[in-house]
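The values are calculated or read from the model by the stated rules, or taken from the named source; none is laboratory data. Since this is a predicted model, take the numbers as computed values, not measurements. Cβ coordinates were reconstructed from backbone atoms using ideal geometry, including for glycine residues, and neighbour counts include every protein chain displayed.
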Amino acid sequence: MDLGFDVVDLPETDHPTEGDEVPDFTRPLVTDEQWEDVSLSQLAADRPVLLVFHPMDGAFPSTYIWNELRDRAFDADHDLQVVGLSISSPYEHMSLIDERGMEYAVFSDPQNGVAERYDIVNDLDGMTGVSEPLPAVFLVDEELTIQYAWVAEEWPDFPDYDEVAEAVDSI
Amino acid sequence: MSEATEETAPITLYRLQACPFCERVVRKLDEYDLDYHSRFVEPMHSDRDVVKRVSGSRTVPAIVDDETGVTMSESANIVEYLDKAYGGDN
């Protein structure tokens, strides 16, 4: 983005990157009609996962990210599943899925524990006691090994979708 | 018990958060120490198509017991079924 001024830099983190194994986790996975506890490894056992951490549902970056991912439909012509994660509740996820007209499921992690384990915590200025994941994208294979990683370095920041597309092409 | 995953638990419970009829079934599942996997559904009755596809009705609770092949709605029926299938007397 060129705004004519510097946007806020985010602190560097020690998040996992290409070649690392991501921590497995279990959280409620929400679809347009139900939610249930599912682990990342359970999903990945089927096919590679594009795991997308995003700001709380309703924030404009989440809207932009999901519109773009929905339109690019990486899962349509690749052996891949696209899955989101935010701190929003399952009820909010159902609304998000409905409003964005997307066919992807989203993990609900209100206590932000997954972001803590991935070292991608974004403590939100002006919202005391609330933290959420930094926007981030991890493409992981069946063994949860990262094939591609992107983590926001400024606020706001958006995935490089063409780069994600290249990574997806290579699996 | 609610930690069980879809793969490991023979019983799937379709439930609504804070629904007393669903909690009644949970209490019975816990009483018999049964592994079950929870699927939470929409509060809005008319949106619960996932339950209707499984049980023929949009009501919760509903259970699917892969062990016995039983699918059932209505908490009183479910409790009675669990007593018969898993109670100590048989």
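A few notes on this one:
- The residue list B:V70, B:V79 contains one member that is within 11 Å of the chain's Cα centre (by Cα) and surrounded by 18 or more Cβ atoms within 10 Å (Cβ to Cβ), which is B:V79.
- Filter result for B:G88 (exposed (fewer than 15 other Cβ atoms within 10 Å of the Cβ) and at pLDDT below 95): yes
- The residue that is farthest from the chain's Cα centre (by Cα), among those in the range B:42-57 that are part of a loop (DSSP other than H, G, I, E, B) and under 22 Å from A:S89 (Cβ atoms), is B:M44.
- The set of residues in the range B:65-90 that are under 23 Å from B:L16 (Cβ atoms) and not in a helix (DSSP H, G or I) comprises B:D65, B:D66, B:V70, B:T71, B:M72, B:S73, B:E74.
- Scanning the range B:20-44 for residues that are within 14 Å of chain A (Cβ to nearest Cβ) and not β-branched (V, I, T) yields a count of 10.
- Qualifying positions in the range B:13-41 - assigned to a loop (DSSP other than H, G, I, E, B), over 17 Å from B:K84 (Cβ atoms) and in contact (Cβ under 8 Å) with a residue 12 or more places away in the chain: B:L16, B:Q17, B:C19, B:D35
- Flag if A:E166 is part of a helix (DSSP H, G or I) and either over 14 Å from the mean Cα position of the chain (by Cα) or among the hydrophobic types (A, V, I, L, M, F, W, C) (or both): yes
- From the options A:T63, A:T128, A:T145, residue that is over 26 Å from A:E21 (Cα atoms), β-branched (V, I, T) and surrounded by 15 or more Cβ atoms within 10 Å (Cβ to Cβ): A:T63
- Just one of the listed residues (B:R53, B:R39) is at pLDDT 95 or above, surrounded by fewer than 18 Cβ atoms within 10 Å (Cβ to Cβ) and basic (K, R), namely B:R53.
- Subset of the range A:16-42 (residues that are small (G, A, S) and more than 9 Å from every other protein chain (Cβ to nearest Cβ)): A:G19, A:S41
- Residue check, A:P48 away from chain B (no Cβ under 14 Å), more than 17 Å from A:R100 (Cα to Cα) and at pLDDT below 95: no
- Within the range A:103-125, being within 18 Å of A:P90 (Cβ to Cβ) and surrounded by fewer than 16 Cβ atoms within 10 Å (Cβ to Cβ) holds for A:E103, A:Q111, A:G113.
- Members of the range B:45-71 that are within 11 Å of another protein chain (Cβ to nearest Cβ) and within 20 Å of A:L29 (Cβ to Cβ): B:D47, B:R48, B:D49, B:V50, B:V51, B:R53, B:V54, B:V60
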